[in-house]
Amino acid sequence: MLVETPTRPASTDELEALIREARERQHRRRGRIAALVLAVALVGAAAYGISRSAGGGAPTVERVPHGPVVNLGAFSGHGRLAFISGSTLWVLDGTTSRLHRLPTPGGFTPSQPVFSFDGRWLAYLEQHLGPATGDDYARLWIARADGSDAHVVPGLTVYSLVGWSPSTDALAVAAGPERTTQPCPCYSPTTLRIVSADGSYRTVARTSWLYGAAWSPDGKKLVIAADRYPHSTIAVYSAAGGRGITWLRMDNHQRLNGMNGVLFRIAGWWPHVGIGFWVFGDGAVRNLDNTPLDLITSPGARPRLVGQTLSDGTTDAVTASSSGDVAIVTDHGGGRAAWQDKTLKLCTSQTGGCRPLPHARGDVTVDPAWSPDGKTLAYVEAPNVRTGPWSQQAIAGWFAAHRVLLYDSSAGRVRALSAAHGATAITWSRNGRSLLYVRNDALWLLPAIGNRPVRIAAPLFPTHNWPQYYAQIAWASQFAWTDTTASVSTR
């Protein structure tokens, strides 16, 4: 768990206050997890039975009592879909038109499903609140892509998934042992590890505080942000092992983006662009409002500020194309509110500059997603909401008002995709012909740009209980999509 605490030595009172704050946040997170589990349990999610609706012979719809409703027929031939409904992880196999429930031991809540690059493996985390100790645990699971042979990786505490390599069946994770002692930062992972599909793992890097990591575009290297007081570092390690190469190091007295005592958090590593990272400073280790996003292209190069974005990872604030163009959701006074004063800008590798993409005057633009060939950017235009209320009804109404736009990077033109009205968390198929997205707490498939969408699976969250923070909802962490040979998620 990442906490907001200074990187400089603090007084005893300050440290005690910061530790109390960290523990309070931890308790709040535990409470949310417990509430989610309880809400699902109350409607009987533990019961598992299936009713099928047939039309002309073959079953097309599965209705799990107190669970999801899944359209098997509509997803046939579209690969595999892993999704979390309530507190259960499911895999929909489009090759066999079957729905598989993955193991969910009592008290565990699955999160962050992700397929390997070749579509053979599925990894996910499960969180658990220990009833005796009140401690929060995380376990890493690996299964075959169809949901079979799911097993826990033993002896490993994982705090976040960095992701599968884009070229091999290797999974990078931020893991323990957790740092809990003074001096803070507290409650943070300290190792970067690579886990193989068979469950074996090895350590790639160690640090006092690991603050984000990412694979290189070719899958041969990994970059980490490391904090070792009194300096912060961005370092690159070979996935095969060996010493790291420092790309950027700043001591506590040096300034970047007008701040001193800076810390880095990795946002990504993109082809033809370099490494993107958020910058925190002046005593903060996170920023719930807008955060500077910088790029660095090579070891020792000067960082370049490209914009201010949300940095907590709940929403997709930055994405890059295979050709090196970066789309970022910049903030212009809305702070942590996802629906206020957000503008999508396109930063091109050719010019090095950034410009806003077309949208209706006064609206916000969010949710960028590049097609696999890097030629088309899908994004969302939505009303700019400057006041509350933060009710479920208001949040649902804002998401329902989303309008999808498609930007043609070669022609420089934008057109509306009316068939995907109300979409968010857009994902492209590997061939760039289909879209999968969230709409009204359900996953929808648009088989082709000119076709009509069809609802595939619902619900994702308990009814009228979407976990939101200032209109931020982690829709993308609820599902993953792959075809039978390669991962298709471009988020």
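Computed from the coordinates by the stated procedures, all read-outs in this text should not be read as laboratory data. Please read these numbers as outputs of a predicted model, since none were measured by experiment. All Cβ positions, glycine included, derive from the backbone under ideal geometry; neighbour counts span all protein chains shown.
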Going highest first, how would you order 279-289, 463-473 by mean Cβ packing within 10 Å? 279-289, 463-473
Here FRET efficiency (C-beta to C-beta, Val61 to Ile449, R₀ 30 Å, nearest 0.05) is 0.75
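Using Cα-Cα distances under 8 Å and only pairs 6 or more residues apart, what relative contact order does segment 166-312 have, in percent? Mind showing how you got there, number by number?
Values: 368 pairs, mean separation 20.7, N = 147.
Rounded, it is 14 percent for segment 166-312.
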About the Cα centre, charge dipole magnitude for segment 166-312 (Lys/Arg +1, Asp/Glu -1 at Cβ), debye: 400 debye
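Among Thr109, Thr60, Thr387, which comes first, then next, by fewest other beta-carbon atoms within 10 Å?
Details: Thr109 21, Thr60 18, Thr387 8.
Placing the least packed residue first, the sequence is Thr387, Thr60, Thr109.
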Can you put Val70, Val414 in order, fewest other beta carbons within 10 Å first? Val414, Val70
Where does segment 361-406 land on the Kirkwood hydrodynamic radius, alpha-carbon pairs, in angstrom? 11.8 Å
Where labels lie 7 Å past Cα in the beta-carbon direction, separation of Ser208 and Cys354 in nm: 3.0 nm
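What full-extension length gain, to one decimal in nm, is calculated for Met259 and Ser196 as 0.36 nm per residue of separation minus the Cα-Cα distance?
Working: separation 63, 0.36 × 63 = 22.68 nm, distance 3.97 nm.
So the chain would gain 18.7 nm between Met259 and Ser196.
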Positive end of the dipole of segment 288-389, charges at C-beta (+1 Lys, Arg; -1 Asp, Glu), about the Cα centre: which of Ala301, Ser371, Ala320 has its Cα farthest in that direction? Ala301
Label-point separation, Ala301 to Arg413 (7 Å along Cα→Cβ), nm: 3.4 nm
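Hey, what's the Kirkwood Rh for segment 166-312 if you take every pair of different alpha carbons, in angstrom? Can you show the working numbers first?
On the way: mean 1/r = 0.0642 Å⁻¹.
Value: 15.6 Å, from the Cα pair sum.
Within a 10 angstrom radius of the beta carbon, how do Asp367, Asp198 rank from fewest other beta carbons to most?
Values: Asp367 29, Asp198 10.
Placing the least packed residue first, the sequence is Asp198, Asp367.
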Under a plain spin-label model, where a point goes 7 Å from the Cα along Cα-to-Cβ, how far apart in nm are His272 and Asn440? 4.0 nm
